[in-house]
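Visitor: Structure below; questions to follow.
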Amino acid sequence: MKKPIEIAGVTKHIGVPRKRTEDPQILMGQAKYVDDIKLPGTLEVAFFRSTHAHARIKNLKLDAAKAHPDCHHIFTNNEFSAGATTFFPGTRGTLHPVLMPFLAKDKVRFVGEIIAAVVAPSRYIAEDIVDLIEVDYETLPAYNDVEDAMQPDAALIHEDLESNIYYADSFSNGDVDKAFAEADLVVSEKIATGRTSAAPMETRGVMATWGWDDTLTVWSSTQMPYPLRTSIAVNLGIPEQTIRVVAPTVGGGFGQKAHFFPDEFILPWIAKEIKKPVKWVEDRREHLLSAAHAKQCTIYMSIAFNKDGTMVGMKIKNIGDSGAYSQYPWSGLIESVAANNGAPGAFTVPNISFETVICLTNKMSTGAYRGVGWSAGCYAREMVMTKAARLLNLDIVDIYRKNFIRHDEFPYTTSTNQTYDSGDYHKVLEKCLELSDYASTKKQSRATEDGKLKGVGIAFFVEQTNWGSRSAEESGFPATLHDTTTVEMDPTGKVTVRSGQFSHGQGLKTTLAQVAAETLGVPFEDVVVLDGDTATGAYGMGTFASRSAVIGGGSVIRAATDVRNKLLTIAAHVMEANAADLEIDEGKIYVKGSPDRSMTVAEIAYITFYDRFARPDEDEVEPTLSATRHYDPPAAYANGSHAVHIELDPLTGKLDIKRIVAVEDCGNMINPKVVDGQMRGGASQGLGMGLLESLEYDESGQLKNASFMDFLIPNATTLPDIECAHIVTPSPYTEGGFKGAGEAAMLSVHIALSNALADALSEYDGPLVPMVTPIGPQQVMDLINNVNQPQAR
Amino acid sequence: MKPANFEYFRATSLDHACELLRAHGDDAKILAGGQSLIAAMNYRLARPQFLIDISNIDSPSEITDESDGVRIKATTTQAIAEHDPVVRRRLPVLANALEHIAHFQIRNKGTVGGSIVNADPASELPAMSLLLDAEFEIQSASDKQVMAAEDFFITYMTTALQSDEVLISILFKAPPENSGWGLHEVARRAGDFALVGSAAIIALDDGGKCSFARVVLFGVASTPVRATEVEDALLGQSCSDALFAEAAKKVSEVVDAESDVHVTDEYRGNVAEVLTVRALADALSRAQAAS
């Protein structure tokens, strides 16, 4: 393993809680989203979507629609029959690839699947034309629950597969049976996590235009412009260098926009066919129906304990609900495979076995959403631990302390073969306990004067961050992921960072500039970051999976170090000094110890480009100040803890969130304000998963809550202030000592919330521990009445 | 999520609106604040051919202090009614109910009449009109009539209003002197439609016995419902927690709830009883404070 680069010089930028430079434009309404891109003559697209969850298309009747005077075109699978197939070379389990046609062919598999694309002068008219399309369907049995779809006699959702299970894996380490046989207590539970949607403020949207110079320009509300470009090239057979993909301002993605959706191929294809600009902006109903869902798992979790709370063994069966397809590119494996490979969490679990099953159902496909895998997997483990704590007469905190990997055990390889780089879990936990007044609250009576019940809950998480190839592999996905950044200095000494990542809320335009300024030794204001446009960046994988601070930041450190060294070589020549004796600080280059012997970075840069008499001979030093560097770092594992205080109305099941405390260790922080923002945003979404969000399908496969009236996400009235604190243990493996921070914040708020509920009910006969998400009033009353609880086998 | 084609008329007066309604009645919808209608149109759940906008008629917001209550012009926004000093003084339960409607941005556009005519059984204003014996002033091109709230709500999102009629004002009757009120609802988030709600008004006679009782539930049936069985169990009795608990059991007589994505019908029935006890307890303590 290569040793990380030491950032030379004076620390002036990394670690500074700087306001984000991207915010004024967003706040003042100048930011341009896909829907703000206007081109003359643009036609709009509306999709005709399936109203059946599982049916054969017997007859698609387009005549009435085509007869509409404003109907320009209608495209179906007859015209465009491409599709994407699960692609995961090297997975350990048995994978049967699933084909997702971009337009449904003979069969529909979920409500909302695209059957036809209507092109018309406006979206209004396009929707009128959509209303004129009719289909004769032959309905087939629709599967809502994986455990029904898995039955041997279940109808096949994809007839080219042998069953509705398309991935199965098992793993074992240690002597699990012995551990369970000898344990003092075994707790076995079934845990069911609800189906959520990231529901970003901006829905998805795609616009495409074909140029008469045979070029294709695509605007998409995506998190990964370069991979989208490659994918369009491959799927449409267009030379990649003629395609430009622009992700303009994107109003949140959270992993949901780190997929390729059928529309991202249909729109470019239509633009190429009809040689006109076309636009489609997803409405909220479409978004809830057909933008990747997430986090629905059925988990059978058994943990074996000794009396003192020591975990001696763990057995898991995690059944992932993939929905109707394998969402491209991450597939429906992503939730359960990541969950199982990260099952030990912060704990020493010497004996472990798990099964992973990925099953198709007649619902929208599931995909990435902040905290992929761990939100469901950690919930299952921790709820079982909470129940065990109650049965052993312990607090879950005792079990944490008993089983934590100690700070002197790093690097630590878990029983599932993940190598944790660093951390001090005890310290983080103690900080969270202290800030949240956990121990003192626990001593108080649960009942309040007005008939409510108080509860406090804690949770702890480890998060695998910075998805490069090695993180991915440790998570069970041997994908190839890395990033490249170009850092270039112009003749006036100003700096442009060309990134292949893409800031859509993460503040990378600020934080990557901080890293570049630090590494180069120039003022922050002298750096600009270009991202989100394949015409201006360097090929990169995009921004998702807590990767950009580490991989983007690391590649900036590498490239900026190269530029700095070049600059110093030239400065040494100009200043007749030894390069090793030179220091750069805020745009000034000086001889160490003699600050009066100095020149500015701008002077040296100008000489480099424009004064061949003063600079070194070009055969000796090439007169450019740019460098392009790649980074595919080792995995770094962040950790943290959440505490939640609630007040429960035991007669209505209503929970009020009183306090949320978040403590996180993401290594060295580039910008603590940005990290706090991530922690608050993540905690809010975690609370959404825990308290509110569940996309509900009925037995015939209709989505019952495809609007924000019934699919509820946290809003300003739901959230208290979120109190943030940090512990810093730098990663010894990564450039800059950074670990990711984006997803971590979502990983355990829902657990702390459920623990708070269990705590509020601790004086009831029980133990009453929730095994589902979300815990809405119905689920709370069911728990109190001990009815409708998931039954372990 | 774009509405189907429609023709838009901006009414300049109530008479103009009535004329337009007479011409287009069956295929027309009145647009006031648009907070429910526009969403329904965008989802193409509502497809009116004609939209008659009454939000620009002269002085759309009017609140009048009358001897037996407060009259509110139908086009008055919920925000104006909520903050009106006469409403707050004479109908504090209504002012409180208005605060529960969605969020202030929505109340700035949504109208009192619009919410009543929309007749969502889980919304507050239809329930308040039953609780406060409201009288609806209704107009058509050829006729004017007054209808009692109890005759108005037919079923889910359906009222007795004919297709050529428009609701022009609501007289909310002031409850008896020295009465107290209580209002409790459970919603998933502040501002969401209530899963269940219960509102009560109680007045006491000189001997401290219940001389007036009014209990209305919402979110538990296809319309808001008055729980007369509960009221009857209270009248003439000495109020106590035990009496309220016993009386509230009778909410089952009027609860005809359905299950939805949030809670079951059973939950609604149980919680209706819980909230009725609480509403009565609040009403009693306010009545005692007022006496």
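Values in this text are rule-based calculations from the coordinates and carry no lab data. Since we're looking at a predicted model, the values are computed, not measured. Cβ: placed from backbone, ideal geometry, glycine included. Neighbour counts: every protein chain shown.
Visitor: In the neighborhood of A:Ile657, defined by Cβ-to-Cβ distances under 15 Å, what is the net charge if each Lys or Arg adds +1 and each Asp or Glu adds -1?
Guide: Local net charge: +1.
Visitor: Once R0 is set to 35 Å, what does the formula 1/(1 + (r/R0)^6) return for the Cβ-Cβ distance between A:Ser445 and A:Leu719, expressed as a FRET efficiency to the nearest 0.05?
Guide: E between A:Ser445 and A:Leu719, to the nearest 0.05, is 0.85.
Visitor: Quick one, could you list the DSSP H helices from chain A stretching 18 Å or more along their long axis (Cα atoms) with average Kyte-Doolittle hydropathy of 0.0 or above?
Guide: A:374-391, A:553-575
Visitor: What lysines could a cross-link reach from A:Lys38, if we take a straight Cα to Cα line under 28 Å and drop same-chain neighbours fewer than 8 places away?
Guide: Straight-distance partners of A:Lys38: A:Lys66, A:Lys257, A:Lys272, A:Lys275, A:Lys276, A:Lys279, A:Lys509, B:Lys2.
Visitor: If you find the alpha carbon centre of the stretch A:280-297 and of the stretch A:654-727, how far apart are they in angstrom?
Guide: First find each Cα centre; the distance between them is then 18 Å.
Visitor: What are the ³J(HN,Hα) couplings of the stretch B:251-258, residue after residue, when phi is run through the Karplus curve with 6.51, -1.76, 1.60 and θ = phi - 60°? Round to Hz, x for glycine and proline.
Guide: 4, 4, 5, 10, 6, 9, 7, 10
Visitor: Could I ask something else about it? Rounded, prolate or oblate, given the Cα gyration tensor of the stretch A:1-146, with a/c below 1.5 counting as rounded?
Guide: Judged from the Cα gyration tensor, the stretch A:1-146 comes out oblate (a/c at least 1.5, b/c at or above a/b).
Visitor: Using the scaling law 2.2 N^0.38 Å as the reference, what is the normalised Cα Rg of chain A?
Guide: After normalising by residue count via 2.2 N^0.38 Å, the value is 0.98.
Visitor: Then there is this: Would you calculate, for chain A, the mean residue ellipticity at 222 nm contributed by helices, counting each DSSP H stretch of 4 or more residues as -39,500 (n - 2.57) and dividing by all residues, to the nearest 500?
Guide: About -7500 deg cm²/dmol.
Visitor: Along the Cα→Cβ direction, 7 angstrom out, place labels at B:Asp241 and B:Asn178. What is the inter-label distance in nm?
Guide: In this crude spin-label approximation the distance works out to 2.6 nm.
Visitor: Just going by the charge dipole of the protein assembly as shown, with Lys and Arg at +1 and Asp and Glu at -1 on Cβ, which of A:Ala84, A:Ala706, B:Asn108 is farthest out on the positive end?
Guide: Of the options given, the answer is A:Ala84.
Visitor: Another question about this same structure. Relative contact order for the stretch B:7-53: what percent, with Cα pairs under 8 Å and sequence separation of 6 or more?
Guide: Relative contact order comes out at 57 percent.
Visitor: Which of the lysines could be linked to B:Lys173 by a straight reach, that is with a Cα gap under 18 Å, when you skip same-chain ones fewer than 8 residues away?
Guide: B:Lys73
Visitor: Let me ask you something else. Taking the dipole about the Cα centre of the stretch B:7-53, with the C-beta of Lys and Arg at +1 and of Asp and Glu at -1, give me whichever of B:Leu14, B:Ala39, B:Phe50 is farthest to the positive side.
Guide: Projecting each Cα onto the dipole axis, the largest value belongs to B:Ala39.
Visitor: When a footprinting reagent is the concern and you count Cβ atoms within 10 Å, what order do A:Ile157, A:Ile713, A:Ile646 take, fewest first?
Guide: With the sparsest Cβ surroundings first, the list reads A:Ile713, A:Ile646, A:Ile157.
Visitor: Separate question: Which distance in Å, rounded to a whole number, links the C-alpha centroids of the stretch A:222-252 and the stretch A:513-592?
Guide: The two parts, judged by their Cα centres, are 27 Å apart.
Visitor: Related question: Taking beta carbons within 10 Å but only from partner chains, what does the mean come to for residues B:260-271?
Guide: 5
Visitor: Can you give the calculated 222 nm mean residue ellipticity of chain B, where each DSSP H run of n ≥ 4 adds -39,500 (n - 2.57) and the sum is split over every residue, rounded to the nearest 500 deg cm²/dmol?
Guide: After summing the helix terms and dividing by the residues of chain B, the value is -9500 deg cm²/dmol.
Visitor: Now for a separate question. Does the stretch B:184-291 classify as rounded, prolate or oblate by the C-alpha gyration tensor (a ≥ b ≥ c root eigenvalues; a/c under 1.5 gives rounded; else a/b over b/c gives prolate, otherwise oblate)?
Guide: It is prolate, given that a/c is not under 1.5 and a/b is the larger ratio.
Visitor: If you fit an axis through the alpha-carbon atoms of helix B:265-290 and take the longest principal axis of the Cα set of chain B, what angle between them do you get, 0 to 90°, nearest 10?
Guide: On a 0 to 90 degree scale, this one is about 70.
Visitor: What is the magnitude of the charge dipole of the stretch B:180-290 about its Cα centre, with +1 placed on the Cβ of each Lys and Arg, -1 on the Cβ of each Asp and Glu, and no other charges, expressed in debye to the nearest 20?
Guide: The calculated dipole for the stretch B:180-290 is roughly 320 debye.
Visitor: For a quick check of your reading of the filter: which chymotrypsin sites (Phe, Trp or Tyr not before Pro) in the stretch A:124-228 sit in a DSSP loop and have no more than 10 other Cβ atoms within 10 Å?
Guide: Answer by residue number: A:Trp212.
Visitor: About its Cα centre, what dipole magnitude does the stretch B:7-53 give when the only charges are +1 on Lys and Arg Cβ and -1 on Asp and Glu Cβ, stated in debye to the nearest 20?
Guide: In total the dipole reaches around 200 debye.
Visitor: Run the Debye formula on the Cα coordinates of chain B, all scatterers equal and no solvent, and tell me log10 I(q)/I(0) at q = 0.16 1/Å.
Guide: So the normalised log intensities are -1.25.
Visitor: Can you grab the distance from the C-alpha centre of the stretch B:3-22 to the C-alpha centre of the stretch B:113-141, Å, no decimals?
Guide: Using only Cα atoms to place each centre, the spacing works out to 21 Å.
Visitor: Efficiency by 1/(1 + (r/R0)^6): what FRET value for B:Asp68 and A:Ser700, r their Cβ-Cβ distance, R0 = 45 Å, to the nearest 0.05?
Guide: Given R0 = 45 Å and the Cβ-Cβ separation, E is 0.30.
Visitor: What FRET efficiency comes out for the pair B:Gln105/A:Asp437, r = Cβ-Cβ distance, R0 = 30 Å, nearest 0.05?
Guide: Once rounded, the FRET efficiency stands at 0.25.
Visitor: Could you tell me the relative contact order of chain A? Use alpha-carbon pairs under 8 Å, at least six residues apart, and round to a whole percent.
Guide: Normalised by residue count, the contact order of chain A is 16 percent.
Visitor: Follow-up question, since we're still on this one. Can you tell me the dipole magnitude for the stretch A:404-519 around its Cα centre, using point charges on the Cβ only (Lys, Arg +1; Asp, Glu -1), in Debye to the nearest 20?
Guide: Once rounded to the nearest 20, the dipole reads 440 debye.
Visitor: If the cut-off is 20 Å between C-alpha atoms, which aspartates and glutamates fall inside it for A:Lys454, apart from same-chain ones fewer than 8 positions away?
Guide: Reachable aspartates and glutamates: A:Asp395, A:Glu434, A:Asp437, A:Glu647, A:Asp649, A:Asp656, A:Asp721, A:Glu723, A:Asp759, A:Glu763, A:Asp765, A:Asp782.
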